[in-house]
1. So V53 ticks every box in (1) farther than 20 Å from N125 by Cβ; (2) touching a residue at least 24 places away in the same chain (Cβ under 8 Å); (3) more than 20 Å from the chain's Cα centre (by Cα) but one. Which box is left unticked?
2. Restricting attention to segment 93-105, does a residue exist that is out of contact with any Lys or Arg (no Cβ under 6 Å at 6 or more places or on another chain), at pLDDT 95 or above and crowded, with 19+ Cβ neighbours inside 10 Å?
3. Just a yes or no: is a residue in segment 178-191 at pLDDT below 95 and within 13 Å of the ligand (Cβ to nearest atom)?
4. When the residues of segment 131-143 are filtered to those that are within 15 Å of I169 (Cβ to Cβ) and not charged (D, E, K, R), which remaining residue is farthest from the ligand (Cβ to nearest atom)?
5. Any residue in segment 175-188 that is closer than 14 Å to D265 by Cβ sitting within a Cβ distance under 7 Å of a residue that is in a loop (DSSP other than H, G, I, E, B) and among the aliphatic types (A, V, I, L, M)? List the pairs, counting only those 6 or more apart or interchain.
6. Would you confirm whether or not segment 27-50 contains a residue that is in contact with a strand residue (DSSP E or B) (Cβ under 9 Å, 6 or more places away or on another chain), among the aliphatic types (A, V, I, L, M) and either modelled with pLDDT under 95 or away from the ligand (no atom under 15 Å from the Cβ) (or both)?
7. Looking only at segment 1-26, which residues are in a strand (DSSP E or B) and in contact with a Pro (Cβ under 9 Å, 6 or more places away or on another chain)?
8. Within the bounds of segment 138-151, is there any residue that is in a helix (DSSP H, G or I), crowded, with 21+ Cβ neighbours inside 10 Å and touching an Asp or Glu at 6+ places or on another chain (Cβ under 9 Å)?
Amino acid sequence: MLIVNTVKALKEAVLQLKNDGKTIGLVPTMGALHDGHLSLIRRAGEENDAVVVSIFVNPVQFNNQADLIAYPRTLEADVEKIGDLADVVFAPSAEEVYAVPPTEKYDFGALEQVMEGPQRPGHFNGVGIIVKRLFDWTTPDRAYFGEKDYQQLLIIRSLVKQCGLSVQIVPCPIVREPNGLAMSSRNKRLSPAQFEVAANIHRIMLASTQLPDNTVAKAKAYVEKEIAKISEFELEYYAIADKDSLQSTDTLNNAIGCIAVWCGDVRLIDNIMY
Ligand code: PAF
């Protein structure tokens, strides 16, 4: 595995792979890798001749400075976990990525007006900026994103469409802890007690898919009521929406439930299909 820190070295490595006739799978990450990331990296390895993993805590997508500072940075351990699962690891500095200042403005329309959008102003534009740059530098055949960040996945599909890129976006299922909590780099910031409490998020959402004579209103009210019973939680939103448009829906057919909830000072997101 080759570790590169500059765009120039990344492009050279990519050129070499392409000259060898290899297809490339890109897995963009912010590091602090867990089994969810490793499942993306493995899948990229199964479907491509070569795998590039990027590790970059992208300041431009953080609207909350405290969150950016607290975000775990574990490059050495990440590289060890990747081992021989990737051919190239791209781990640049912010100066390298933003040698050209990030002034791009993307319009994701109604997709960014809901859920994470209003809660985290500028977040999706920041994601669009970094992902577009990574796509330009790596020119992957396929790129892998976890379904935990479901709205991000749809935003990236929109980015690909509006920029006319040929990269295939591959969504990968949420990987859960044995207790049901969706794997996330932010889980590292939970205390052992909070980690157990946080398992209730998935338990409650799952139960909300199985209510008798279920409706959107009933499922939403159930989640809101059950989350409110747990003192460690503060619910930011629970939205049930059409899973393609993320706009509100009055039927559970083709619907997804998306949650953002604070557990102490850690913000967790998760989702479930109805
Ligand atoms: O999902 C993430 O970890 C990030 O948003 C991504 C896609 C790597 C862009 O920084």
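1. (3)
2. Taking segment 93-105 first, the residues out of contact with any Lys or Arg (no Cβ under 6 Å at 6 or more places or on another chain) are 93-105.
Filter once more, keeping what is at pLDDT 95 or above: 93-105.
Next cut, crowded, with 19+ Cβ neighbours inside 10 Å only: 97.
Yes, that holds for at least one residue.
3. At the first step, the residues of segment 178-191 found to be at pLDDT below 95 are 185-186, 188-189.
This time we only want the ones that are within 13 Å of the ligand (Cβ to nearest atom), so: 185-186.
Yes, the conditions are met somewhere in segment 178-191.
4. First, the residues of segment 131-143 that are within 15 Å of I169 (Cβ to Cβ): 131-132, 134-135, 138-143.
In the following step, the residues that additionally are not charged (D, E, K, R) were identified as 131, 134-135, 138-140, 143.
Working: V131: 6, L134: 8, F135: 11, T138: 13, T139: 17, P140: 13, A143: 9 Å.
Filtering first and then ranking leaves T139.
5. Final answer for the pair search is N187/L181; K188/A32.
6. yes
7. Filtering segment 1-26 down to residues in a strand (DSSP E or B) leaves 2-4, 24-26.
Those that are in a strand (DSSP E or B) and in contact with a Pro (Cβ under 9 Å, 6 or more places away or on another chain): V4, I24, G25, L26.
8. So the first thing to find is which residues in segment 138-151 are in a helix (DSSP H, G or I), and the list is 138, 147-151.
Then keep just the ones that are crowded, with 21+ Cβ neighbours inside 10 Å; that gives 138, 150-151.
With touching an Asp or Glu at 6+ places or on another chain (Cβ under 9 Å) added as a condition, the list becomes 151.
Yes, some residue in segment 138-151 is in a helix (DSSP H, G or I), crowded, with 21+ Cβ neighbours inside 10 Å and touching an Asp or Glu at 6+ places or on another chain (Cβ under 9 Å).
The values are calculated or read from the model by the stated rules, or taken from the named source; none is laboratory data. These figures come from a predicted structure and were not determined experimentally. Please note: Cβ atoms are built from the backbone with ideal geometry, for glycine as well, and neighbour counts cover all protein chains shown.
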